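Asker: One structure, as structure tokens, below. Some questions next.
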Amino acid sequence: MAEPLVLKSELLTARGVRHGFSTRIGGVSEGPFATLNVAVGPGDRAEAVEENLRRFTAAIGVERGGLYQTSQVHGADVRVVEPSDDPAAVLHERADALAAFPSSRGPSSRGASSGGPSTAAHLAVGVRTADCVPILVHDQVTGGVAAIHAGWRGVVSGVVSAAVAQLAIRARGSKGLVAAIGPCIGPCCFEIGDEVVGALLGSVPDESIILRDRERPHADLRRAVRLQLGALGVSEVEDVPGCTRCDAERFYSHRRDGARSGRLLAAIAVS
């Protein structure tokens, strides 16, 4: 059985935080979803996706039943997850970031492996991407974590600041936050129109996020997110490299492969 290829942040690893950015390597899906697709929506088999999720969570040291995801809509809503929440129910809620904290109320009466509510020790949050920017954040003060899905619409709508705010409220500041930005579409490939240029610069007023040396402008979403994090006081930010559109061997890409592209997963567990 092939082991999933999972990319990790040195900053988060040094803190002992269980996390990972999936690739498309090490799963059981076939055809355009080969092999570690983590979403049923594009048309993959549910049983294949479930096995892929089991393999990925095992690779990062998290129980499958303790992973929480949402229905992503390119907005700025943040879902704060509690150990008593049912992962299956949360999956149908609309949000583009999730936050979670160690519980002070003790573990739930049902185990994470049961498919029902998790225990705080096993709770993890994750977001799916196929070109958008995945961001994982850890707070060393509270042990809280956040997983953020930020395409250009998410950058414009403020999903990064909304998620950081949820962590900062508990920690009474953002000085203890560390962030890792995972593989996403790079400025080499993200061609955009003038309306998107205007929207991005309206939210991140720094011309360095727009490349104008080509026939049409290209955007550097990774840099835009890094600038937003810096403006929020998050000074320790690591790039886990990779352009999803360029590297078809390791990554899925909606822009490259269209609607039947698989999905990647970025996840982080409370510490």
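Nothing in this text is a laboratory measurement; each read-out follows from the coordinates by a stated rule. These figures come from a predicted structure and were not determined experimentally. Cβ coordinates were reconstructed from backbone atoms using ideal geometry, including for glycine residues, and neighbour counts include every protein chain displayed.
Asker: 5 Å is the cut-off here: which amide hydrogens, built 1.01 Å from N in the peptide plane, fall below it relative to Y68, excluding neighbours closer than 5 in sequence?
Answerer: Result for Y68 returns A124, V125, G126.
Asker: Return, for the Cα atoms of the chain, the radius of gyration and Dmax in Å, separated by a comma.
Answerer: 17.5, 59
Asker: Among L167, G193, F33, which residue has its Cα positioned farthest towards the positive end of the charge dipole of the stretch 6-269, with +1 placed on the Cβ of Lys and Arg, -1 on the Cβ of Asp and Glu, and the dipole taken about the Cα centre?
Answerer: Working it through, the farthest residue towards the positive pole turns out to be L167.
Asker: Right, something else. Can you find, among P217, I268, G233, the residue sitting farthest towards the positive end of the charge dipole of the stretch 138-271, where Lys and Arg contribute +1 and Asp and Glu -1 at Cβ?
Answerer: Among P217, I268, G233, the one farthest towards the positive end of the dipole of the stretch 138-271 is I268.
Asker: Quote the relative contact order of the chain in percent (integer), defining contacts as alpha-carbon pairs under 8 Å separated by 6+ residues.
Answerer: Rounded, it is 23 percent for the chain.
Asker: With +1 assigned to the C-beta of every Lys and Arg and -1 to the C-beta of every Asp and Glu, and no other charges, what is the dipole magnitude of the chain about the Cα centre in debye, to the nearest 20?
Answerer: Taking the Cα centre of the chain as origin, the dipole is about 400 debye.
Asker: Residue-wise, which Karplus ³J(HN,Hα) couplings in Hz belong to the stretch 33-49, taking 6.51 cos²θ - 1.76 cosθ + 1.60, θ = phi - 60°, and x for glycine or proline?
Answerer: Using θ = phi - 60°, the values come out as 9, 4, 10, 9, 5, 10, 9, 7, x, x, x, 6, 6, 4, 5, 5, 4 Hz.
Asker: I would also like to ask the following. When the dipole is taken about the Cα centre of the stretch 131-246, and only Lys, Arg (+1) and Asp, Glu (-1) are charged at their Cβ, what size is it in debye, to the nearest 20?
Answerer: Around 340 debye, computed over the stretch 131-246.
Asker: Say a paramagnetic label sat at a point 7 Å from the Cα of E50, along Cα to Cβ; which residues of the stretch 81-99 have their backbone N under 20 Å from it?
Answerer: 86-93
Asker: Out of L98, L136, L200, any idea which swings most in a Gaussian network model of the chain, alpha carbons joined below 10 Å?
Answerer: L200
Asker: While we're on this one: Rounded, prolate or oblate: pick one for the stretch 152-252, where a ≥ b ≥ c are the square roots of the eigenvalues of its C-alpha gyration tensor, a/c under 1.5 means rounded, and failing that, prolate if a/b is larger than b/c, else oblate.
Answerer: oblate
Asker: Also, quick follow-up: With labels modelled as points extended 7 Å from the Cα through the Cβ direction, what inter-label distance (nm, one decimal) is found for E10 paired with A231?
Answerer: 2.9
Asker: Return the sequence-ordered ³J(HN,Hα) values of the stretch 134-145 in whole Hz as given by the Karplus equation 6.51 cos²θ - 1.76 cosθ + 1.60 applied to θ = phi - 60°, using x for Gly and Pro.
Answerer: Couplings: x, 10, 10, 10, 10, 10, 6, 6, 9, x, x, 9 Hz.
Asker: While we're looking at this one, here's another question. Using a Förster distance of 25 Å, how high is the FRET efficiency between Q140 and S84, based on the Cβ-Cβ distance and rounded to 0.05?
Answerer: Efficiency at R0 = 25 Å is approximately 0.50.
Asker: Out of the DSSP beta bridges found with both residues in the chain, what percent are antiparallel (nearest 5)?
Answerer: Rounded to the nearest five, the antiparallel share is 70 percent.
Asker: Where is the GNM fluctuation largest for the chain (alpha-carbon springs, 10 angstrom cutoff): A171, A180, A224?
Answerer: Judging by the Gaussian network model, the answer is A171.
Asker: Please work out the C-alpha center-to-center distance from the stretch 26-60 to the stretch 243-271 and express it in whole Å.
Answerer: 12
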